[in-house]
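Quick notes on the structure that follows.
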Amino acid sequence: MKQLALIGPTASGKTALSIQLAQKLNAIILSLDSLAIYKQIDIASAKPTPNERAGIPHYGIDLLPPDTDFDVMTYITLYHQACEAAKTAEKNLIIVGGTSFYLKILLEGISDLPTLTAETKARTNLALDSLPQSYKMLKKIDPLYMNKIQATDRYRIEKALNIYYQTGMPPTVYFEAHPPRPVISEPIPLYQITIDRAVLRERIALRTQKMLEMGLIDEVAYLEKQYGRSPNCMKSIGIKETLGFLDGHYNKEMLIEKIITNTARLAKRQVTFNRSQFAKTYDGSPETLYRGISNNRQYPQWALRE
């Protein structure tokens, strides 16, 4: 089984390219996308339709109900499942990094967390009743670690409390003693779609218009009725702006412009993250990458950026 990973900003053509490559290279696809993982969020996530998937098995799509939380361990489990499926079917694996943070974790690893006793869980739950006080306490104990965490980030504060209460060690000390282990055990080529910013914004505008035509407003109204506004996915780009439209804060033209603007800002952040976090990538347009990869199944050393 061979593996490759594909990254790039939103709306750059990752999905279409991954499906083309999967057909050419006899591969299955693992999607690392924090919105496509949800069932019923089809238009807002811009996930490929069943027809567009062209019979290619996809992992990481249509997996969870919208009111279910997940974390990086979900994608680690999915990666192992996708690898096993690929090996069993004698296929290759294409990892599409919609949310590149999860790809970074697969490549660099994650530290094992301590097993929690009932006493630790109860102590942490009690501390979470006063989140600001717990954050202040942790920041005094481990300022280096807590400076990277927002005072309102309940999930990471809970993680830090569990580590401290269970082991007696500040998180920084604990992670130094328990360094991360890569999930992907062998080097894999990492391909990055590059695209002119103006062209990307035009693609974002076209995709936004298509999403509205496909029924984005009705989809978001349904999701709100079924799940309310508290799930994390309801704060995603495309959904939160549509909720504002449904509240009457702006008209449809303003809705479109807000989605385009916020999506473009997300794309900029993704490009910055990818260039700062991945040391070596093979860059090119979707067409260039397709030709280069499909014509040499050993995944050649070309267009290397270091």
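The values are calculated or read from the model by the stated rules, or taken from the named source; none is laboratory data. Predicted model, so just to flag it, every value in this text is computed and none were measured. Note that each Cβ is placed from the backbone with ideal geometry, even for glycine, and that neighbours are counted across all protein chains shown.
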Q: Would you point out the residue of region 127-157, among those that are crowded, with 16+ Cβ neighbours inside 10 Å and under 30 Å from residue 5 (Cβ atoms), that is modelled with the highest pLDDT?
A: 145
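Per-residue answers, yes or no, for (1) touching a strand residue (DSSP E or B) at 6+ places or on another chain (Cβ under 6 Å); (2) of a type in the set (Asp, Glu); (3) modelled with pLDDT of 95 or more; (4) outside any loop (DSSP other than H, G, I, E, B):
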position	(1), (2), (3), (4)
169	no, no, yes, no
174	no, no, yes, yes
187	no, no, no, no
203	no, no, yes, yes
207	no, no, yes, yes
211	no, no, yes, yes
221	no, no, yes, yes
Q) Would you say residue 9 is part of a loop (DSSP other than H, G, I, E, B) and either outside the structural domain of residue 271 (by TED's automatic domain parsing) or under 21 Å from residue 279 (Cα atoms) (or both)? A) yes
**Q.** Residue list for region 79-94, filter: of a type in the set (Lys, Arg) and either surrounded by 18 or more Cβ atoms within 10 Å (Cβ to Cβ) or not in a helix (DSSP H, G or I) (or both)
**A.** 91
Q: With the condition kept exactly as written, say whether any residue in region 95-103 is in a helix (DSSP H, G or I) and under 29 Å from residue 222 (Cβ atoms).
A: yes
Q) Could you count how many residues in region 34-58 are in contact with a Ser or Thr (Cβ under 7 Å, 6 or more places away or on another chain) and farther than 16 Å from residue 231 by Cα? A) 2
Q: Look at residue 151 and say whether it is aliphatic (A, V, I, L, M), assigned to a loop (DSSP other than H, G, I, E, B) and not assigned by TED's automatic domain parsing to the domain that holds residue 104.
A: yes
Q) With 229, 265 as the choices, which residue is free of Cβ contacts under 8 Å to residues at least 24 places away in the same chain, on the phi < 0 side of the Ramachandran plot and within 17 Å of the chain's Cα centre (by Cα)? A) 265
